[in-house]
Amino acid sequence: MKLLERDAFLDQLTDLLARAAGGQGRLVLLGGEAGAGKTALVQQLCHARAGGARVLLGACDALTTPRPLGPLVDIALVAGGELQRVLEGGEPRDRLFASFLAEISAGERPCIVVFEDMHWADDATLDLLRYLGRRIGGARALLIVTYRSDEVGARHPLRVALGDLATAAVTRLILPPLSLDAVRSLMKESPLDPVLVHGRTGGNPFFVTELLAAHGPGTPATVRDAILARVARLSAAGQAALEAAAVIGTRIEPWLLLVLAAPAAALDECLATGMLQAAEDVLAFRHELVREAVLETLSPLRRTELHRGALAALRNRPDAVQLAARLAHHAEAAGDNEAVLAYAPAAARQAAALKAHREAVSQYTRALRCAGGMPPAPRAELLEALAYQCYLTDRHDEAVVAWAQALELRRALGDPLREGDILRWLSRPLWYLGRHAEAEASVRSALRVLEPLPPGAELGWAYSDLARLHMTARQSAAAIDWGEQAAALGERLGDTALRSHALNNVGCARLQNGDERGWVQLDRSLELALAGNHEEHAGRAYANLSTRALASLQLDRAARYLDEGLAYAIDHDVQTYYLCMLGSRPYQLLRQGRWSEATDVATLLLARPALSPLYRIEGLVALGRIRARRGDPEVAAVLDEALRLATPIGGVWLATVQAARAEAAWLAGDAARAADEARGAFDEAIEHNDRWLAGELALALWRAGRLNALPPAAAEPYALQIAGQWRAAAAQWQAFGCPYDAAQALVDGDEPALREALATFERLGARAASGMAARRLRALGVRGVPRGPRSATRANVAGLTAREVEIWSLLGEERRNAEIAERLFLSPRTVDHHVSSILTKLGVRSRAEAARCARERGAPAAQPHNRAS
Amino acid sequence: MPRYLVERSFPDGLGIPLNDEGAAACLAVVGNNADHGVTWVQSYVSEDKRKTYCIYDGPDPEAIRRAAAHNQLPVDRITKISVLDPYFYR
C-alpha cells in the first residue's frame, strides 16, 4: 500500500537506517496524534526499505498499570537466545539491559528495533530508553520509538525521559495530518465532499479511512462514531467477540478469545472484516483506537463479566505467576478483592525488582485499596513497601503518609524494631520536603525506641541518618560524632551499605570544616558502595563528592564527578541522587560561564513533577541569576518563587536565594536593595561557614557602603576585591575557571581592565554588566564605547555554544586537544569535554569527521571574537 | 503564554528575498520554533533593515533564546510585553 505524503519521512528513515548499517546507530522519536499513521509508516519501512535488516518489534500495554519492560519481553520471546535466558533467569536489570543492547548490536545484519506506543511505557521501559539512547550511537541499529504526541504533556514521564536524552543521537519526527489534496486523492471513488471530510477528520489518516469505510447514512462526526458504524455491521456474535477481544488487551491470544466468546465463526468474521488482524501467533486490533472505542461501549455489567472470565482462564495457566500484572488488572476490574490481593503484591514485587517504580507504586496502591479486611501485620508490610517505592521516586508526600500509617500499625502490634526503623526512614522524605525539624525529631524518636534493643543495623542506620541531618545543617562536630558511631557499628556488623553511608557523612562534615582528610572518607564511601553494588549509596557518594568539589570551587573536579555520577544514576535508576546532581550542575556551569547549558539543565530540572523544593530552589536560583545577568525579563518570577520555597526551610537554602536576589537587585542598578537582601543572609552564611556565600554577600554590602568589617570566613577572591586588589582577585577567579566573576573584579580596575571585562561580558551575553562596564569607561573619559548592546551572541549551528564553535573551528584546522587547550587557556580535560559534546551535537562519530564537517559546512573561522575590539 | 518583544541587530542588513526561497526561510524558522514551544507572531523591521523587533509567544525567555540559536538569529534584548489598546480606556 502506498502511503500518502509520507515519502519524505520514509526517505529520511531509510537514510538513517543506511547510516545505522554503517555503524552510526540512531534513536528516532516518531510522534503524531493517534491515527496519524505512525505504525503504518514503520511497517512500510520494515517491509519495503529494510534491505535485509533484522526487525524486532515490541509494544507497550494500554493496561491501567502496564507490565514492566513490555517491549523488551516481546522482543526477547522472538529473539530467544541469551536475551531470553537472562530475562527468564531473573537476572539484575543492568544485565538485562546490557544483554538487550548486545542483541540489537551484535548480529551480522543491522537491526530495526521498534518500541510502539511509548506514551504508555512503564518506568523500567523508560529507563531502557534512556540506557539505549545514550549508547545507540555505537550500535548498528535504528531504534524507532512511536508515541502519541497529543497525549504527552510537559510533565508526562516520556517527556521527562526524552529531556534526559537531549544530547544523545536522537532524531525527532512528528507526522503531520494529511493535506486536502491527499484526502481528495483518497476519495476518488467516494460520493462525499472532500472538503467536508478533510475538515471533519482534521486530515487524520486513520479517521479518513474509517469515515470512508463507514458509508452509512450521513457522515460520522467523530472517529469513534466512524469506528462504531463499522462495528455495528458485524453479526451479534462477531460484536461479542470484538468486545471480549477489547477486554483482553492489545495482544490477544486466540485461545483466550475462544474461551470468552465461544464460536470460532465469530472470530473468523472479525478477521475477515479486518476488525482484527493476526500478528505472529496472537491477534490484535486493526488500530488501538478501535479497541478503545469498543471498550467504551461496554456496559459495566458486561465488562465485569468479561474481566471475570479472563481472570478465571488466565489464573489456571501454569505460567500464571509471570502474568501477575495482567491478572491484577483483570481482578480489580472484575471486582474480585481476594484475587487482587493474590496478584497485585506479586506484580508490585516484580515491578520493583525491575525498578519499574511507578508501576510498583500503583500495584501496591491497588492492593491496599482492596485490603480492607487484612490483618495489621501484612497490611503494614504493604504500606512499608509502598512508602519505600514512593521515596525512591521522589514522591515524598506520599511516602510520609504511607510510613506514618505503617508506624501506627507497628506500634499497635508492639514491634519496636520495625517501629524504630520506620521512624528513621520517615526522616528522609521529611528532609526532602524541607521539614528538617520534623526529620530530626523522627530520628531522635527512632533512637529512643532502638537503643534499649540489642544493637543491630536498624540502630546503625538511625545513627547514620542523624549524622546526615547534622551534616546537611552544617553542624559538623555532631555529624562526625554520630557518623563515626554508625561506621563502627557498620564495621562490626559487616554491613558495607551502612559503612558507606556513615563514611559519606563523616567525610562531608570534615570537608565542611576545612579538614581535607574528608576526601579520603568520601572516596572510601564511593568505593564501598560500588564494590557492594549499593546503587543508592554510590549515587549519594557521587552527589556528595560533586557537592564538596563545588563548595571548594574545584569546578573541573566537580564536573568529572557529575559526569560520572549522572551517567551512573541514570543507568542504575537512582532517581533521588540523579535529581540531586542535576540540581548541582547549573551552579558548576554558571560559574564556568556556560549559561545556555546551565539554563537547559535548570529547565529540565524544573519540568520534573513533584520535585523536592530543595532542588527546585537550585534550578530557580540558576535561572534567576542568568536572566538577571543577561538582562532578560522574569527575574522576579523565579526568585520570588525560590524565596517562597526557601523561607520555611531557612538555613543556607534561604541564604542562597537571598544572595541571588541581591545580585539581581545590584544588576538592576539598586545597590541599596541589594544590600538589604544580602543583610539577612550574611550572618547565616558566616554561621554556617559557607565561604563563597559569605564573600559574595560581603561584596554586596561593601558595594552599598554597608560592610563594617570583612568577615574572616569570606572566600579569598572576594576579600581581595573588597581590599581593592582587583587584579589579584581577577587572577584568582581566572584560575578557578570563572570568567564572569573575573570580569566583575576587573570592573573595579583601570581602562584596560574595564575593556577586558567588557569584552568578556559581551562574549557571555551579560548585557546588564556590560552596560555597567561601558558606563564606567565613559565616566573615565574613554571615547568610542558602544552605547547599545552589540549582537555579539550570534547563534550557532546545531545548537553549539560559542565556546564549542571556537573549538570546532580549531578541530577543522586539525589541531590536537593539547594545542586547543593552550590556545584557549583551558584545561585539556575541559577541551575533551567540549569535543565530545561537539561530536554529539553534530551527530558525528569522530573528530576527523567533525573536522571535515567544519571545513565543508564552514565553521566560523577561529577569530578571537571574545577579545576586545 | 507570555508574550515577548525580541530585538535583533543585523550589522549587514536583513535580506529575505520576496520569493520561494524567502518563504521557505520563514517557514523553516516557524518549524524550528515549534521544537521549542515558541511562536513567532510578527516582526517590525527598521528602514535600514539593521534592526528587527519581533513579537513572540513562548514559555520563558530561555525558550526564546534556544529558538534563536536554532535559527541562527541574534538576540540583543528580550522584553516581556502585554497589549495596550488605544481604545481600551474609552
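The values are calculated or read from the model by the stated rules, or taken from the named source; none is laboratory data. A quick note: this is a predicted structure, and the numbers were derived from the prediction, not measured. Neighbour counts run over all protein chains shown; Cβ positions are idealised from the backbone, glycine included. Just the protein is used for accessible areas: all its heavy atoms, side chains included, with ligands, DNA and RNA removed. Shrake-Rupley method; radii C 1.70, N 1.55, O 1.52, S 1.80 Å.
Here residue A:247 meets the list (1) under 30 Å from residue A:183 (Cβ atoms); (2) in contact with a helix residue (DSSP H, G or I) (Cβ under 9 Å, 6 or more places away or on another chain) almost entirely, failing just condition (1). Of the residues making up the stretch B:25-46, those that are open to solvent by less than 60 Å² (accessible area, probe 1.4 Å) and either free of Cβ contacts under 8 Å to residues at least 24 places away in the same chain or in contact with a Pro (Cβ under 7 Å, 6 or more places away or on another chain) (or both) number 6.
Only one of B:64, B:55 is part of a strand (DSSP E or B), within 29 Å of residue A:761 (Cβ to Cβ) and either within 13 Å of chain A (Cβ to nearest Cβ) or in contact (Cβ under 8 Å) with a residue 40 or more places away in the chain (or both); which?
Working: B:64 fails: part of a strand (DSSP E or B).
B:55 is the lone residue from the list that is part of a strand (DSSP E or B), within 29 Å of residue A:761 (Cβ to Cβ) and either within 13 Å of chain A (Cβ to nearest Cβ) or in contact (Cβ under 8 Å) with a residue 40 or more places away in the chain (or both).
Can residue B:75 be described as at the interface with chain A (Cβ under 8 Å from one of its Cβ atoms), touching a residue at least 12 places away in the same chain (Cβ under 8 Å) and open to solvent by less than 50 Å² (accessible area, probe 1.4 Å)? When the stated conditions are applied, residue B:75 passes them. If the condition is being of a type in the set (Val, Ile, Thr) and either open to solvent by less than 30 Å² (accessible area, probe 1.4 Å) or part of a helix (DSSP H, G or I) (or both), then the stretch A:157-187 contributes A:160, A:170, A:171, A:183.
Within the stretch A:601-627, the residues that satisfy the criterion of being open to solvent by less than 30 Å² (accessible area, probe 1.4 Å), of a type in the set (Lys, Arg) and in a helix (DSSP H, G or I) are A:625, A:627. Taken together, A:435, A:468, A:448 contain a single residue that is without any contact (Cβ under 8 Å) to a residue 60 or more places away in the chain and more than 29 Å from the chain's Cα centre (by Cα), which is A:448.
Remark: pairs (first residue in the stretch A:566-592, within 25 Å of residue A:659 (Cβ to Cβ); second residue part of a loop (DSSP other than H, G, I, E, B) and not small (Gly, Ala, Ser); Cβ separation under 6 Å; 6+ apart in sequence or on different chains) = A:591/A:738.
With respect to residue A:560, determine if the residue is under 27 Å from residue A:506 (Cα atoms), away from chain B (no Cβ under 14 Å), in contact with a Cys (Cβ under 9 Å, 6 or more places away or on another chain) and part of a helix (DSSP H, G or I).
On the way: under 27 Å from residue A:506 (Cα atoms): yes; away from chain B (no Cβ under 14 Å): yes; in contact with a Cys (Cβ under 9 Å, 6 or more places away or on another chain): no; part of a helix (DSSP H, G or I): yes.
No: the conditions fail for residue A:560.
Checking A:638, A:652 one by one, the residue that is within 14 Å of chain B (Cβ to nearest Cβ) and assigned to a helix (DSSP H, G or I) is A:638 and no other. Within the stretch A:378-408, the set of residues being open to solvent by 50 Å² or more (accessible area, probe 1.4 Å) and within 19 Å of residue A:613 (Cα to Cα) comprises A:395, A:397, A:398, A:401.
Is it fair to say residue A:598 is surrounded by 21 or more Cβ atoms within 10 Å (Cβ to Cβ), assigned to a helix (DSSP H, G or I) and within 13 Å of another protein chain (Cβ to nearest Cβ)? Considered against the rule, which asks whether it is surrounded by 21 or more Cβ atoms within 10 Å (Cβ to Cβ), assigned to a helix (DSSP H, G or I) and within 13 Å of another protein chain (Cβ to nearest Cβ), residue A:598 comes out as yes. Within the stretch B:7-24, the set of residues being open to solvent by less than 40 Å² (accessible area, probe 1.4 Å) and farther than 30 Å from residue A:31 by Cα comprises B:7, B:8, B:9, B:10, B:13.
Hey, any hits in the stretch A:321-328 for a residue that's of a type outside the set (A, V, I, L, M, F, W, C), closer than 30 Å to residue A:128 by Cβ and buried (at least 21 other Cβ atoms within 10 Å of the Cβ)? The answer is yes, given that some residue of the stretch A:321-328 is of a type outside the set (A, V, I, L, M, F, W, C), closer than 30 Å to residue A:128 by Cβ and buried (at least 21 other Cβ atoms within 10 Å of the Cβ). Of the helices (runs of 4 or more DSSP H) contained entirely in the stretch A:726-774, those carrying at least 2 residues that are under 16 Å from residue A:595 (Cα atoms) and not basic (Lys, Arg) fall at A:739-746, A:751-764.
Count of the stretch A:738-770 residues, restricted to those that are closer than 18 Å to residue A:699 by Cα, surrounded by fewer than 24 Cβ atoms within 10 Å (Cβ to Cβ) and free of Cβ contacts under 8 Å to residues at least 40 places away in the same chain, is 4. Only one entry in A:282, A:247 is closer than 24 Å to residue A:330 by Cα, among the hydrophobic types (A, V, I, L, M, F, W, C) and in contact (Cβ under 8 Å) with a residue 60 or more places away in the chain, namely A:247.
Residues that are modelled with pLDDT under 95 and not aliphatic (A, V, I, L, M), at least 1 per element: which helices (runs of 4 or more DSSP H) completely within the stretch A:448-531 meet that? Spell out how you get there, then give the answer.
Working: elements: A:457-472, A:476-493, A:496-512, A:518-531.
Ranges flagged: A:457-472, A:476-493, A:496-512.
Between A:696, A:663, A:684, the distinction of being assigned to a helix (DSSP H, G or I), at pLDDT 95 or above, more than 14 Å from chain B (Cβ to nearest Cβ) and under 22 Å from residue A:548 (Cα atoms) belongs to A:696 only. Could you tell me whether the stretch A:578-587 includes any residue that is open to solvent by less than 40 Å² (accessible area, probe 1.4 Å), among the polar types (S, T, N, Q) and in contact with a Gly (Cβ under 6 Å, 6 or more places away or on another chain)? The answer is no, given that none of the residues of the stretch A:578-587 is open to solvent by less than 40 Å² (accessible area, probe 1.4 Å), among the polar types (S, T, N, Q) and in contact with a Gly (Cβ under 6 Å, 6 or more places away or on another chain).
In this structure, residue B:49 does not qualify as at the interface with chain A (Cβ under 8 Å from one of its Cβ atoms), under 29 Å from residue A:762 (Cβ atoms) and surrounded by fewer than 16 Cβ atoms within 10 Å (Cβ to Cβ).
Scanning the stretch A:293-322 for residues that are in contact (Cβ under 8 Å) with a residue 12 or more places away in the chain and of a type in the set (A, V, I, L, M, F, W, C) returns A:293, A:294, A:295, A:298, A:306, A:310, A:311, A:313, A:314, A:321.
Every listed requirement among (1) open to solvent by less than 30 Å² (accessible area, probe 1.4 Å); (2) small (Gly, Ala, Ser); (3) more than 20 Å from residue A:285 (Cα to Cα) is met by residue A:58 save one, (3). Across the stretch A:812-828, not a single residue is classified as open to solvent by 50 Å² or more (accessible area, probe 1.4 Å), within 26 Å of residue B:67 (Cα to Cα) and either in a helix (DSSP H, G or I) or modelled with pLDDT of 85 or more (or both).
Applying the set (1) touching an Asp or Glu at 6+ places or on another chain (Cβ under 9 Å); (2) open to solvent by less than 40 Å² (accessible area, probe 1.4 Å); (3) part of a loop (DSSP other than H, G, I, E, B) to residue A:23 leaves exactly one unmet item: (1). List, please: which pairs have Cβ atoms under 7 Å, are six or more places apart or on different chains, and start with a residue in the stretch A:362-380 that is of a type outside the set (D, E, K, R) and end with one that is open to solvent by 50 Å² or more (accessible area, probe 1.4 Å)? Listed by first residue and then by second, the contacts come to A:367/A:341; A:370/A:337; A:370/A:341; A:371/A:341; A:371/A:379; A:376/A:412; A:376/A:413; A:377/A:413.
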